[in-house]
Amino acid sequence: NIEAADRLEFPIPAGVYAERVVSVKHYTDRLFSFRITRPQSFRFRSGEFVMIGLPNAEKPIFRAYSIASPNWDEELEFFSIKVPDGPLTQHLQKIKPGDIVLMRQKATGTLVLDALTPARRLYMISTGTGIAPFASLVRDPETYEKFEQIILTHTCRDRAELTYGEELIEATRNDPLIGELTEGRLLHFASTTREPSPHMGRITTLIENGELFRTLGTEPFDPVNDRVMICGSMAMLKDVKALAEKAGLKEGSNAEPADFVVERAFVG
Ligand code: A2P
């Protein structure tokens, strides 16, 4: 993919793809998304993450990024935080179309459909950039084969941070490939914690006081009907996981599928 014209200063490490940035979209001064070309041989399961870096050092710094695009997409999409002094994101936030991004060749992760046993309903609970793996899963037809109802929750500090998720849901519902599958089955619940909006509060609070379920017209988590995927900060994972366990749900993995799975939303 690299042409002589790029004249990269450092060699591309072994086992790493060098891909070109296709587009970049900035949402706020803390959040942006970008799309890169997809290597022909690259395979992943929706919900997995890869290691992303930049060709700006002999030994580039890599950080884990959930793939936000579905596995049928010919490009790869990522949703990132911008940390002013973050070792990777202080540079990554400046990428432009045509630039080179490095990606290690193996995708992995626990937020995959294979790690959950069958049930009626799938809750995807996210905060901040933790929505990224779910952006992949809500666009994967397999999600709709496995579950009757898919609920994506996204909680952010303010309304501007919810934009990525709102655009995702709108685009998914209007998608020629999977729009029809989502009809009446894909529900979106958004809340903010630091700016007024129709639903306010941490998702943990809204689960505990029942506002989430009342708004959706569903019942509190139960191990017979519900499966849950969780992605956010360490503190958020711990707190939502405790609520899932309190409801009697068991944690699953690739090796031993069960009722809920967790993955931290990576920053740096
Ligand atoms: P809060 O504004 O009360 O901190 P961040 O951008 O810092 O990762 O936060 C994303 C969202 O996650 C914010 O709305 C934040 O709420 C919320 N949050 C932070 N910690 C937790 C937690 N332990 N449980 C649930 N939500 C949390």
Checklist entry - Can you list residues whose amide H is under 5 Å from Tyr17's amide H, if they're 5+ apart or on another chain and H is modeled 1.01 Å from N? => result Met103, Arg104, Gln105
Next on the checklist: Run the reach check for Lys146 against lysines, Cα to Cα strictly under 27 Å, same-chain hits fewer than 8 apart removed. What comes back?
Outcome noted: Lys106, Lys238, Lys241, Lys246, Lys250
Next on the checklist: I need the phi-derived Karplus couplings for the range 160-177: 6.51 cos²θ - 1.76 cosθ + 1.60, θ = phi - 60°, integer Hz, Gly and Pro marked x.
Outcome noted: 4, 6, 7, 4, 3, x, 5, 5, 4, 5, 4, 5, 5, 5, 9, 5, x, 7
Checklist entry - Do you know the relative contact order of the range 189-268, to the nearest whole percent, from alpha carbon pairs under 8 angstrom that are 6+ apart? => result 24
Checklist outcome for this item: Of the residues Ser233, Leu249, Thr110, the Cα lying farthest along the dipole of the chain towards its positive end, which is defined by charges on the beta carbon of Lys, Arg, Asp and Glu, belongs to Ser233
Item to check | Simple label model, 7 Å out from Cα along Cβ direction - Ser197 to Thr28, nm | outcome: 0.8
Checklist entry - Ranked highest first by the average count of other Cβ atoms within 10 Å around their residues, in what order do 42-51, 102-111 fall? => result 42-51, 102-111
Checklist entry - How large is ³J(HN,Hα) for each residue in the range 61-72, as worked out from phi by the Karplus curve 6.51 cos²θ - 1.76 cosθ + 1.60 (θ = phi - 60°), to whole Hz, x for Gly and Pro? => result 7, 10, 10, 6, 10, 5, 7, 8, 8, x, 6, 8
Checklist outcome for this item: With the 8 Å Cα cutoff and a minimum separation of six or more residues, the chain has a relative contact order in percent of 20
Next on the checklist: How high is the relative contact order of the range 9-104? Use alpha-carbon pairs under 8 Å, at least six apart in sequence, and give a whole percent.
Outcome noted: 38
Checklist entry - For the range 113-264, how big is Rg over Rh, using alpha carbon atoms and the Kirkwood form of Rh? => result 0.93
Checklist entry - Among residues other than Arg173 whose Cβ falls under 10 Å from its Cβ, what is the net charge (Lys/Arg +1, Asp/Glu -1)? => result -4
Checklist entry - For the chain, what log10 I(q)/I(0) values come out of the Debye formula at q = 0.11, 0.12 1/Å, with one point per alpha carbon and no solvent? => result -0.60, -0.71
Checklist outcome for this item: Charge tally for neighbours of Leu206 with beta carbon under 13 Å away, counting Lys, Arg as +1 and Asp, Glu as -1, is -1
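Each reported figure results from applying straightforward, stated rules to the coordinates on display, with no laboratory input. Computed from a prediction, not measured in an experiment: that's the story for all the values here. Ideal geometry is used to build each Cβ from the backbone, glycine not excepted, and the neighbour counts take in all protein chains shown.
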